Structure formats: C-alpha cells, structure tokens
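Please treat every number below as a calculation from the coordinates, not as lab data. Model, not experiment: these values are computed from the prediction. Every residue, glycine among them, receives a Cβ derived from its backbone with ideal geometry; neighbour counts consider all protein chains shown.
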Amino acid sequence: MLTTSNNIKVVELKNITKVFGSKVANLNVNLDLYKGEILSILGENGSGKTTSMNIISGLYAPDEGSIYINGELAKINSPHDSLMYGIGMVHQHFKLVDVFTAAENIVLGLDKQDYANFAKKIEEQEESRFAELRKQGKEPSEEELKESKKRINAAKSFNIKNAASRIKEMCDRYGFELDPNKKVYNMTVSEKQTLEIVKALYRNANILILDEPTAVLTPQEIDRLFMVIQNMRNDGKSIVIITHKLNEVMRISDRVAIFRKGEHVATVETNKTSIKELTDMMVGAKVDLEIERSTPTDVADRLFVNNLSVKNNDGRVVINDVSFVARSGEILGIAGISGSGQKELLEAIQGLRPLESGEIIFHNPKKDKPATFFHKTLKKIKALAAHGAFHDPDGKRINFKGMSNKEIRKMVNDCKVLFYEDEIVNLKGKNPLQIRELGIRLSFVPEDRLGMGLVSNMNLVDNTMLRSYRHGHWIFLDRERPRKLIEKIIKELDVSTPGTNTQISKLSGGNVQKVLVGREIALAPKVFMAAYPVRGLDINSSYTIYNLLDKQKCSGIAVIYVGEDLDVLLALCDRIMVLCDGRISGFVDARKATKEQIGEMMTRHGEVQ
Amino acid sequence: MNISFFVGVISIMVVFLYGCIGEIITEKSGHLNLGTPGVMCFGATGAVVGARIFINITGGPDAVRDGAGSPVLGIFLLVLFCLIFAGIAGLLYCFLVDTLRCNQNATGLVITTLGVGIYKFIGSILCPQVDRHGFTAIGRRFFSSPLPVDFRNSNWFTQLFLSYSTLVYIAIIIAIIVFIIIKKTRIGLNLRAVGENPGTSDASGVNVTRYKYVATIVGSLITGLGGLYYLFDYNTGSMEYSLEGLGWIAVALVIFSIWNTGLAVFGSFVFAFFYQLPTPLSNIIKNEAISPLVSTLPYLITILVLITISIFNKKETQPPSALGLTYFREDR
C-alpha cells in the first residue's frame, strides 16, 4: 500500500463546529486526509459525516474552525472555491441537471479561468511533445504546428464537442464507461454516479469525496466502482468515502474515521481493526447483533394474492402471475434483486397501482366481532344478514326478519350483531381510500419515504395527520390527537428532532423513517408492508425497526418485509418469497434456508425449491 | 386582408415579443416573474419621465412639436429612463425573492399592481391633457418614423419588411441574440442549469444568486423596452390605452413558445395576428360576438400548447424544473 507513508496532509479540519437551529451537527471536528489514501468516514445517521464533508465542499459554511488545504489556510465560501482547491464531491443525491447531456453537466459552471488553465495544460503537453521530437532531431511540420495551435485554441473557450472528446480520453484512462452525449434522464443510477466522478476529475480534482456511493449500486457495479477508486488512488488522488456499510469499509479503505453524534471519535488504520471494534466505536455502547425472532403463534391466512400481474410506469409487466398468502403472526420476507417488481407488488396491494390481471383477497378477521355503523350502512348490514353473515351472542343466525329499522339499529349499537365468519373482501379495483373505508387497515412504508410516505415540507404533526385528517371536529381539523401520537412516537422510537413543529425535511434519514414507521404502526394495521425500511439507516435505528416489525408480528399482524440484506431477511422473517424478474422463483423457510440458496433463486426461475 | 393588416400585426407583435423575451430570460433563471405587465408599465413610466425632462430642457411641448431639440438627446433620455425604471422593477423583484426569500408568485403580482398604478399615477401627473401634443410629437418624430429611407409607399415587399421603426428590428435582433446565447454559450448553459437545478449549479461552481439577479434584471430591461415601444412608438405618445393586458399576453406567450426566444418571434406573430384579426373580420361578418371571441384564440392556443407539451412529455419542452422555487443553499 502506498498510502500514508508519504504523510503529506492534503486536507486538515481544525475544530470545525456547525449548528443547524438548535441541533449541533458537528462539534470540534479535527480530521486529516493524506495524499493518495482512501479514507472511510463511518458513522450512524445524523452523526455529522455528510455535514463535515459538505463543509469541505463549500456547501455549508462552518460556524467555527478552519480548513487547511495542502498546509495552507483555505477560504472556502462556496462550492466554486472548493473546486478551486481541487476538491470534488459526489453527493448521495446526485447533483445533475436532468435535461442536459453528460458533457453539458460536466462543463457546467466552469469559468474563463478554468478554460485558460485547460489551454495552458494542453499547451504544455504540446510543447513537451515537440521538445521530444526536436530531441530526436526532427522539426514538427507546418501542419502539425497548425493542428496543435488549433487544439490549444479549442480548449480556450466553451465548446461542447471539444469537451466531449476530452471526456472520452479521460474515461479511457481510468476505465469509466460514459457516453458524453447521453442525456442524464436516460441514465441508470450507476451511469449518473460515473458522470459525477468524471465531472470532478474533469476539474482536476485531487480530493474526491463520495457520499454513500454504494447505496444504490448492484454488487457488480460496486466492484467496478472500487476498481476505479483504486485506480485513482494509485494516481495519487485522495478519496473520502462516507458510508455505513462495514464490510465495504474493510474492503476498500486505508483508514477509517469514525463519527458519533457530530463528533469525530477516532481514526484507525483499517488493517489494524475489526468490524466489531468499528461497530463499538460507532455506536458508543456494544450492540447486540442478534435480531429478535419470536415463534409465530395463531397463524391465520390474511391476504391472498392470486395470479397477480402488474405493469410499471413504463407499461412493462414487472409482476407476472404472482400468487402467495400473507399470514397473520408471521413475517413474510420478499427477496430479490432490486427492481424485480417488489415496489410494484406492494403498491398494487396498497391500491396504488391498477392490476393487469389477478386479484387480491383480504380476509378481515371479523369472526365473532360485532358489526358497527362505522364501516357499514344499515342497508349493507341488512343485505349481509340476508346472506347469513351474522349471529347473535348465543350463536343463532340473525336475519332481522320482522324487525324495524330502529330495532336493528339498537341491536347493532348494543354489539349484539356478530360476524359469523371472517369478512372476505376483494381489493381489486379499489383505491387506498376505499380500502380504508371498508375498515381494512393496510400499513405501508414505501421505499420512497419522502415521495410517497411523508411530505417533506410539512411538520411532524401534519405528517402524522395525513392518516387521520378525516377525523376532526365538524369542519375543523383535530391537531391534538396527532400531536399526542407523534409525541409518543418520538419518545418510543427515540426520534431526534428539535420539536413536533419541525419540518420533516430538517430531520436525518433515520429519524424520518422512524416517524413514518411509527405512524404506520399506530394505525393498528392488519397487514404491515415495509419496503427497504432500513435503507440508509444506521445500525441502532435498523434494530429498532427490526424489533418493531417483530412486535407487530407477535400482535397478530401479517407483516410483509421487502429487504435487500439477505442476512437480515434470514434472521428476521419466517418465510421468504424470492422474486426473480417479476416471477416467484420459490418460497423458503427462513429458519432453514441459506444465503447461497436464496442468492441462487434470485437469479433463476423456479427450479430450486 | 391586405398588406396594411399584416403591417399592423407586426407592429403590435413587437410589444409581445419584448415582454416575452424578457420573461423567457427571467424564467430560464428559475424566476417566475408574474410582474411582466408591471415591468412593462415601469418601462413606459420611465419613458414618460424621460420625455418630460426632454420637453422641459427643450422649452415646452410646443417647441418640441415645432421640431426643437435634438433627436439623439430625446431618444437617449427616453431609453435611459425606461431602462432605469424597468431595471429597478427587476431589482426589486430579485431583492424580494432572492434576498428576502418572498414567494415568487405573490411578489410578481405585487410588481404588476405597483407598475400599473405608477404608470397611471405618474402618467397623469407628467402628461396633463393640455400638453399631450408634446408627447405625441416625441412619439412621431423619434420613434414611429420608419428607417432613414421611407419605404411606406413603395412595393409590398418593402412595405411588409422595411417600413417599421428601429425598435421593431431591434426586438427581432435581440430575440436571435438571446436564442444564440441561451443555446450556444457558456453563460447560456449556466443560466439554463440555474433554472433547472440551482443546487446542482451551485455545487458546480455557478454563482446562482448572481445569475438570477442578472437574468431577471436583463429580462426586465428588455420587457421595459416593450413598454416604451408601445407608448411612444405604437401609440405615438398617447396614454389612453392600457398596457397591462398586453403584458399578460406576453406571459402566456412564454408558454406558447416553450421557453425558446426563436419560437417567440413566431409565437408573437400568431398572437398578434389573432389580436388584430377582429378589426378586418368585423367588416366581413356583421356579428358583435365575433371580435371578443376571436381575441380569446391566443389563450385557447396556449392551453392547447400546454396539453400538447404534456402529451409528448418530452423533457426538453418542459418549463425549467426549478421555476418558481426559491433556492437557499443550506436548506436541507
């Protein structure tokens, strides 16, 4: 490793402090980055990793402290200043203009000085080339001189075509694959990331900061990225990776800096530490890596999905003839390579997506429970009674024959009308509101927290109210109940927020997720669906969520958990359904199956059982 | 429909065109300035102030009518004050929206109300009924006169293409220059990026605030010229007609021309065509309902354009994605 041996500090943070409102994001952070090393920054959500890097990249101004670049005090007031110091940052949420091509995105923001520098560099290259020629005793021809003049002049000013050819050259050198003329909105996540890195390199960045670069990549893409990162390190560049995936930290980095609650706890050399030690430092206290899994009791079929086919937004069939049963008191895991139709499946159940074919049948556990006017009208109750749906407390069938409406009402209100068996409801063609009005409580924690789950510009109370705004006094909203509920959620799930009137957008990812999960659980659902509920969450928050899911299961809820981490799926779920390309490739018992078995099923249809 | 109808169409189209180009530049930076009618009024008010100063220097409205005072000074004063006023309107908008972070729609509407009010107020003070002929003279002598060579009575070609005043040609030249700048240059790229995604532009080293300020102020200057043109050129100094409605047409035109100043030239012609159509039409069809109905056509077409854009859903024809949103770097 040619890492810290040279000991040239390229970046030094000294006593950096940054406060947002009343929340301290960074407190007295001291951090060094050496030339030609890969430094991982490890920490839980909201531990100040990204904030400290945003300060280096000029997005946030530190409240206190100073930054030294190459040993000199640096004045970084804007991202542009930071670029001038050779710092490039690839943000977790890519900063790209969708309607621009790759090349346009790359040259965006370059100013005259940058172009002058490009021209100077090319001029130097050409000169040295000619000098080489002259050494060999040859004089460059007239045409060659002209050609080189042309090249220098082209670099002097804004020119997309010229930029595209430069980008191609650079991609070849580091092993990137990127089409400079492709529009960003046509790109995959991995292409966008490549573009971001190329963009930073195009500005001659010597320090590259990557914020959670692997969160959205497939394993193959991650391998590629790591290869490129190593190429860049060997080229003498310093790379910072912000992450909370411990195995990746061990695999790629030379040193690890650990952040906890806004403070820089320690920096250790990767080959002198272990995952266990890192985890301990990260969370402060020791964490129990065992996920609780209770034995299912009172298992009953709750939700039947029969021969379901669903299309995605582009009109492609992404769920193809899928049938399964979700049972109460059980966690059904759904495994599969991301994009195998998991998202569409859950949305279809939730009533957000039209079914192409098939049906979703819900067994409402109503047996021996009284009918109410809350969900049913008098007319409906009478009709149901005619079909023999009710019995009285003594077990006799009710048919309301010869009773007046008033008498029937009284009987219902006295809770004397009991369901004879579970209510069977077909959810096909119903929207979420209709489903809820039927008295069927489905909770859904979507993959896209801030898009579908919560409204980022509204505060905690209002977001909680999204599920209960219909219960109010006359025409006015009832804010008191949601406020009490969110206070309870904050306390129970340990949400870190300045208050209940804080905008959701001001919370960190893990806390946002806690609010969402807490709200959905508070609905007392019969079916609880969660898509990647721990994505982007730190270990502690993840375990809180796992335990919550287990608790839900114990209280007789049918839980459907879509996850990506196979270890977690195996440790948490009771049964696992494996999807491959929109079809079911099999079910496994999570207590007996192995990772390899599931991994194989994820890539192949059917055969393995 | 004869040549003079089309000459009329082109004359009025220029008012829309100035407003539209100004608003396109502004919107490209992500500012939805609903103050366009107001900015036009600001420009016209500035021109009125300039005209009044010129009249006072020259020695009264009668002297101006009789040919006193140098045209260079007159044009200079009018254009200068027009630009100053319109620029102030743009600056005010930027200050409220960017520095004080007010809501863009509300601010724009405030600018419109303010501009219309100031136009009526200052206009009625500086241009009393008694010496209106001074203003008319300025309009006639300096603005609505055609190019140095008078082509108005020659053949159809020169009538249709060469019989206008300078401000008409300047509008079209500005449209082309702005088109090239937005599409082909570094500044244009940065400007588009600011309107599409200010966060990205900022992280890439573009000074977002500066781009927003400069784009909005330059846009306002151009819009303001529309006011000057309408008042002193099209109406030869007569303040009877309201400017506000034309400003709103310019705003609608921005959508019609899908944020492209090249298309704005065509779009403003179409709008002006329907704007002028009721007059000849009412001679042919004797029905009172015709003219108001025809004047709604530009708006109907705008709705159709919106629907078409939406159907094709092509990213390139959509409005700038960050249009109407306030950007603050440390927002999380």
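Annotations for the structure displayed:
- Less than 5 angstrom separates the built amide H of residue A:74 from those of A:67, A:68, A:69, all sequence-distant by 5 or more or on a different chain.
- Helix-only CD estimate at 222 nm, as mean residue ellipticity for chain A, using -39500 (n - 2.57) per DSSP H run (n ≥ 4): -11000 deg cm²/dmol
- Rounded to the nearest 10 degrees, the angle from helix B:36-58 to the longest Cα principal axis of chain B is 40 degrees.
- Under the shape rule built on the C-alpha gyration tensor, where the axes satisfy a ≥ b ≥ c, the stretch A:366-421 is rounded, since a/c falls short of 1.5.
- Inter-chain Cβ neighbour average for residues B:191-203, partner chain, 10 Å: 6
- Cα gyration tensor category, rounded, prolate or oblate, for the stretch A:30-74 with a/c compared to 1.5: oblate
- Under a 5 Å amide H cut-off, with hydrogens placed 1.01 Å from N, residue A:367 pairs with A:422, A:423 among residues at least 5 apart or on other chains.
- A simple rule links phi to the HN-Hα coupling: the Karplus curve 6.51 cos²θ - 1.76 cosθ + 1.60 with θ = phi - 60°, which for the stretch B:175-185 gives 4, 5, 4, 4, 4, 5, 4, 5, 7, 10, 10 Hz, with x for Gly and Pro.
- Beta bridges per DSSP with both ends in the protein assembly as shown, % antiparallel, nearest 5: 60 percent
- For the segment B:204-210, counting C-beta atoms of other chains within 10 Å of every residue's C-beta and taking the mean gives 6.
- Degrees, to the nearest 10: B:186-196 long Cα axis against longest axis of chain B: 70 degrees
- Pairs exceeding a 28 Å alpha-carbon distance, out of A:343/A:514; A:343/A:367; A:192/A:428: A:343/A:367; A:192/A:428.
- For chain B, calculated [θ]222 nm from helices alone, where every DSSP H run of n ≥ 4 adds -39500 (n - 2.57): -22500 deg cm²/dmol
- Positive dipole terminus of chain B, leading residue within B:204, B:89, B:75 (C-beta point charges): B:204
- Burial order of peptide ranges A:443-449, B:118-124 (average beta-carbon count within 10 Å, highest first): A:443-449, B:118-124
- Legend: mean number of C-beta atoms from other chains within 10 angstrom of residue C-beta atoms, peptide A:503-515, equals 1.
- Amide H partners (placed H, <5 Å) of residue A:48, local residues excluded: A:262
- Our coupling estimate for the stretch A:74-81, obtained by passing each phi through the Karplus curve with A = 6.51, B = -1.76, C = 1.60 and θ = phi - 60°, is 9, 9, 10, 10, 8, x, 5, 4 Hz, Gly and Pro reported as x.
- When only alpha carbons are used to place a centre, the stretch A:225-286 and the stretch A:413-447 end up 48 Å from one another.
- Dipole orientation for the stretch A:479-588: of the candidates A:544, A:533, A:499, A:499 has the Cα lying most toward the positive pole (charges on Cβ; Lys, Arg +1; Asp, Glu -1).
- Principal-axis tilt of helix B:297-312 within chain B, Cα atoms, nearest 10 degrees: 20 degrees
- Straight-line reach from residue A:182: taking Cα to Cα under 15 Å and skipping same-chain neighbours fewer than 8 places apart, the aspartates and glutamates in range are A:98, A:104, A:191, A:196, B:316.
- Cα shape, chain A, gyration tensor, a/c 1.5 rule: prolate
- With a threshold of 22 Å on the Cα-Cα distance, the over-threshold entries among A:9/A:199; A:311/A:430; A:156/B:314; A:14/A:95 are A:9/A:199; A:156/B:314; A:14/A:95.
- A protection proxy built from the mean count of other Cβ atoms within 10 Å ranks the segments B:80-93, A:165-178, most packed first, as B:80-93, A:165-178.
- Karplus-derived HN-Hα couplings along the stretch A:353-370 (A = 6.51, B = -1.76, C = 1.60, θ = phi - 60°), whole Hz, x at Gly and Pro: 9, x, 8, 6, 7, x, 8, 10, 10, 10, 9, 7, x, 10, 3, 6, 9, x
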